[in-house]
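The values are calculated or read from the model by the stated rules, or taken from the named source; none is laboratory data. All figures in this text were calculated on a predicted structure; none of them were measured in a lab. Cβ: placed from backbone, ideal geometry, glycine included. Neighbour counts: every protein chain shown.
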């Protein structure tokens, strides 16, 4: 049977999500990522790329290259929500697909030709995603994952490209060798030193020569350059963990600041659980000191998604883990052993008032954003969630803790 593998990639995904929230960011140079001296560009708009900005670059360098760019720290929960919307659309329309990342998907459309036409089907799927989510998305369609991924890159922005079977080599030949997946900066430099710049040069080389230069990876690159590498799709499965980390702009020993950050992380992740109808049975805290030694401690708990159960346990783990009294570079919180379900009421400890408060808070967050309402103990953790939006100055609602 003729293979038809579709690769879908949401264009500048984080940037596109931010522009959905605030239309005034349309066509403006935009950087999403860490805003401190150690910050890294997670995503950048096409308007910044002509200045030499790219994802993975130091935010300090990116700002210097494009000083007029708006900088937004970003909101992972919004990106996750939008990714879920796209995933649900694909899941409904495609029998077998792989979610390669938050904004990248593969789908097997083999056999569709006798009923609909794979390219027509893919086009309709792309149109539906754009219509229902408002997000720009590109796709490539070919006989295997690698060629389809490269085709998507050539189709961007917000377009589509089909490579018919038998034309893979001719499509790849004029491209830079750097366009081949698995050719990173180091491998690219090795190949450039050998005078190899275009895919066509690799296509003409014996495979054994590539093996002698790059080992097993050389064989993989040779196959991909010839359009014959065909890795299988990994069927989509629901995630089994969620986590968040924060690298501080300056290493700190401020225990109040550290506990506030950890508190806010736990509160945020617990909300993510409830919004996704998930429960966790294992929580963990991570600390990385200024000397880069990293320590993690975890604890199993009864399945829950409740703040009043999770947050005290997280703080206990942090207190027991933070023993060296050195400057801390990074803290993180992670929930694992996730299952579908809703919080079970504890007949002895839970009150109707508390459960109603959870529901009201989550409704406010769902409508106005996750930082629209916070507990007072987490209000100082400005690095959690949306930050530094040039158009959004609404203060959050603050809930004080009431002593029993």
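Brief remarks follow.
- Residue match in region 188-198 (condition: closer than 20 Å to residue 8 by Cβ and either touching a residue at least 12 places away in the same chain (Cβ under 8 Å) or crowded, with 21+ Cβ neighbours inside 10 Å (or both)): no
Yes/no per residue for (1) without any contact (Cβ under 8 Å) to a residue 60 or more places away in the chain; (2) touching a helix residue (DSSP H, G or I) at 6+ places or on another chain (Cβ under 8 Å); (3) closer than 19 Å to residue 301 by Cβ:
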{"position": "240", "(1), (2), (3)": "no, no, yes"}
{"position": "249", "(1), (2), (3)": "no, no, no"}
{"position": "252", "(1), (2), (3)": "no, yes, no"}
{"position": "258", "(1), (2), (3)": "no, yes, no"}
{"position": "261", "(1), (2), (3)": "no, no, no"}
{"position": "267", "(1), (2), (3)": "no, yes, yes"}
{"position": "280", "(1), (2), (3)": "yes, yes, yes"}
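- Some residue of region 53-62 being in contact with a helix residue (DSSP H, G or I) (Cβ under 8 Å, 6 or more places away or on another chain) and in a helix (DSSP H, G or I): yes
- One residue from 86, 71, 32, 15 being closer than 30 Å to residue 164 by Cα, outside the structural domain of residue 245 (by TED's automatic domain parsing) and in contact (Cβ under 8 Å) with a residue 24 or more places away in the chain: 86
- Residue list for region 63-86, filter: in a helix (DSSP H, G or I) and out of contact with any helix residue (DSSP H, G or I) (no Cβ under 7 Å at 6 or more places or on another chain): 63, 64, 65, 76, 80, 81, 83, 84
- Reported count of residues in region 326-368, each being over 19 Å from residue 267 (Cα atoms) and modelled with pLDDT of 80 or more, is 4.
- Of note, residue 150 does not satisfy the criterion of being over 30 Å from residue 20 (Cα atoms) and crowded, with 21+ Cβ neighbours inside 10 Å.
- Residues in region 284-339 that are farther than 15 Å from residue 251 by Cβ, in contact (Cβ under 8 Å) with a residue 12 or more places away in the chain, more than 22 Å from the chain's Cα centre (by Cα) and in a loop (DSSP other than H, G, I, E, B): 305, 306.
- When residue 141 is tested against (1) over 20 Å from the mean Cα position of the chain (by Cα); (2) surrounded by fewer than 17 Cβ atoms within 10 Å (Cβ to Cβ), only condition (2) is not met.
- Residues considered: 93, 50, 63. Of these, the only one that is farther than 30 Å from residue 123 by Cβ and assigned by TED's automatic domain parsing to the domain that holds residue 144 is 63.
- Some residue of region 27-41 being over 22 Å from residue 250 (Cα atoms) and part of a helix (DSSP H, G or I): no
- On inspection, residue 40 fails the criterion of being free of Cβ contacts under 8 Å to residues at least 12 places away in the same chain and under 22 Å from residue 185 (Cα atoms).
- Screening 259, 211 for residues that are crowded, with 18+ Cβ neighbours inside 10 Å and over 24 Å from the mean Cα position of the chain (by Cα) leaves exactly one candidate, 259.
- Within region 222-237, the set of residues being surrounded by fewer than 18 Cβ atoms within 10 Å (Cβ to Cβ), under 12 Å from residue 144 (Cα atoms) and in contact (Cβ under 8 Å) with a residue 60 or more places away in the chain comprises 228, 230, 231, 233.
- Sole exception among (1) assigned to a helix (DSSP H, G or I); (2) touching a helix residue (DSSP H, G or I) at 6+ places or on another chain (Cβ under 8 Å) for residue 196, by number: (1)
- Enumeration of residues in region 142-184 that are without any contact (Cβ under 8 Å) to a residue 12 or more places away in the chain and closer than 21 Å to residue 100 by Cβ: 178, 184
- Among the residues making up region 161-193, those that are in contact with a helix residue (DSSP H, G or I) (Cβ under 6 Å, 6 or more places away or on another chain) and part of a strand (DSSP E or B) are 161, 162.
- Among the residues of region 87-113, the ones that are under 19 Å from residue 13 (Cα atoms), touching a helix residue (DSSP H, G or I) at 6+ places or on another chain (Cβ under 6 Å) and in a helix (DSSP H, G or I) come to 1 in all.
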